[in-house]
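Below is one structure, written out as structure tokens; the observations come after it.
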Amino acid sequence: MTRVLLVDDHRLVREGLRRTLEDAGYEVVGEGRDGVEGLELAEKLRPHVVLMDVSMPVLDGLTATRRLRSRAPDSRVVILTMHADAELVERAKAAGAAGYLIKDASSDEVVDAVRRAAIGQQIVGTGVAHAPVAEVDVPAERVDDAPELTPREVQILQMLADGCSPYEVAERLVISPKTVRNHLTKVYDKLAVNSRSQAIVEALRYGMIDLPA
């Protein structure tokens, strides 16, 4: 039987998900109220699938997902959130999520996402804007023409691709958020893009950064 862990700071959401999944024959092995509890429970209970919210107190869902790769590597994470923008989808993929659903998904969609995640498939739910970063090919002729980014600019892009927020980048590099924004503005200009998600895609195309394993 597929074992599922629920991580969401809203009790009503967890209760609804539990009923839906148990009615479908899945075993809900635990519930976490934030990313820290989710990590602890995943490490202890070793669920096959974790349904993870993004915006939570103490530790957000994307950071928890990234840390789960080392603490419970066999658990597959499906992000379940209110946010449907492409940039967040790409950050979830970079953090190691197996799937992404928005909270107005039907019960059937949630059940199907858990089933597919458990057998190793990738999921992006209906209504979610996305760009398939993981499927980007690097045209050889473009690599030779790659814009020149500074080592710090490449470092920041790699951290963003790894799932860090600009604020987390600033904290880890011991620089101000404004400095991070200034670096990104220069990166956007060099790569001829308008957003972090586009910058990550272009950097991948040029072979400047790598997606997390």
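The values are calculated or read from the model by the stated rules, or taken from the named source; none is laboratory data. These numbers were taken from a predicted model, which means no experiment stands behind them. Here the Cβ is made from the backbone with ideal geometry for all residues, glycine too, and neighbour counts use every protein chain on show.
For the range 33-54, give me the residue count where each residue is out of contact with any Asp or Glu (no Cβ under 6 Å at 6 or more places or on another chain), in contact (Cβ under 8 Å) with a residue 40 or more places away in the chain and closer than 16 Å to A92 by Cβ.
So the answer is 4.
Among the residues of the range 184-200 satisfying the criterion of being of a type in the set (V, I, T) and surrounded by fewer than 19 Cβ atoms within 10 Å (Cβ to Cβ), which is modelled with the lowest pLDDT?
Keep residues of the range 184-200 that are of a type in the set (V, I, T), which gives 185, 187, 193, 200.
Filter once more, keeping what is surrounded by fewer than 19 Cβ atoms within 10 Å (Cβ to Cβ): 185, 193.
Details: T185: 92, V193: 83.
Ranking the candidates gives V193 first.
Restricting to the range 157-196, give me the number of residues that are within 15 Å of the chain's Cα centre (by Cα) and under 17 Å from P147 (Cα atoms). Quick ask: steps written out before the conclusion?
Just the residues of the range 157-196 that are within 15 Å of the chain's Cα centre (by Cα), to begin with: 158-166, 168, 196.
Subsequent filtering for residues that are under 17 Å from P147 (Cα atoms) retains 158, 196.
Selection size over the range 157-196: 2.
Keeping to the range 153-168, report how many residues are part of a helix (DSSP H, G or I), within 22 Å of S55 (Cα to Cα) and either of a type in the set (D, E, K, R) or modelled with pLDDT of 90 or more (or both).
Within the range 153-168, the first condition is being part of a helix (DSSP H, G or I), and the residues that meet it are 153-161, 166-168.
If we keep only those that are within 22 Å of S55 (Cα to Cα) too, we end up with 159-161, 166-168.
In the following step, the residues that additionally are either of a type in the set (D, E, K, R) or modelled with pLDDT of 90 or more (or both) were identified as 168.
Residues in the range 153-168 being part of a helix (DSSP H, G or I), within 22 Å of S55 (Cα to Cα) and either of a type in the set (D, E, K, R) or modelled with pLDDT of 90 or more (or both): 1 in total.
Quick check on L45: is it out of contact with any Phe, Trp or Tyr (no Cβ under 8 Å at 6 or more places or on another chain) and modelled with pLDDT of 95 or more?
yes
Please work out if L51 is outside any helix (DSSP H, G or I), under 21 Å from Q122 (Cα atoms) and at pLDDT 90 or above.
On the way: outside any helix (DSSP H, G or I): yes; under 21 Å from Q122 (Cα atoms): yes; at pLDDT 90 or above: yes.
Considered against the rule, which asks whether it is outside any helix (DSSP H, G or I), under 21 Å from Q122 (Cα atoms) and at pLDDT 90 or above, L51 comes out as yes.
Any residue in the range 1-30 that is within 15 Å of L41 (Cβ to Cβ) sitting within a Cβ distance under 9 Å of a residue that is exposed (fewer than 12 other Cβ atoms within 10 Å of the Cβ)? List the pairs, counting only those 6 or more apart or interchain.
D9/P57; E27/M1
Keeping to the range 79-93, report how many residues are buried (at least 21 other Cβ atoms within 10 Å of the Cβ) and either touching a Phe, Trp or Tyr at 6+ places or on another chain (Cβ under 7 Å) or in a loop (DSSP other than H, G, I, E, B) (or both).
Of the residues in that region, 3 qualify.
Which numbered condition trips up D60, out of (1) closer than 22 Å to L160 by Cα; (2) of a type outside the set (V, I, T); (3) crowded, with 22+ Cβ neighbours inside 10 Å?
Of everything listed in (1) closer than 22 Å to L160 by Cα; (2) of a type outside the set (V, I, T); (3) crowded, with 22+ Cβ neighbours inside 10 Å, D60 misses just condition (3).
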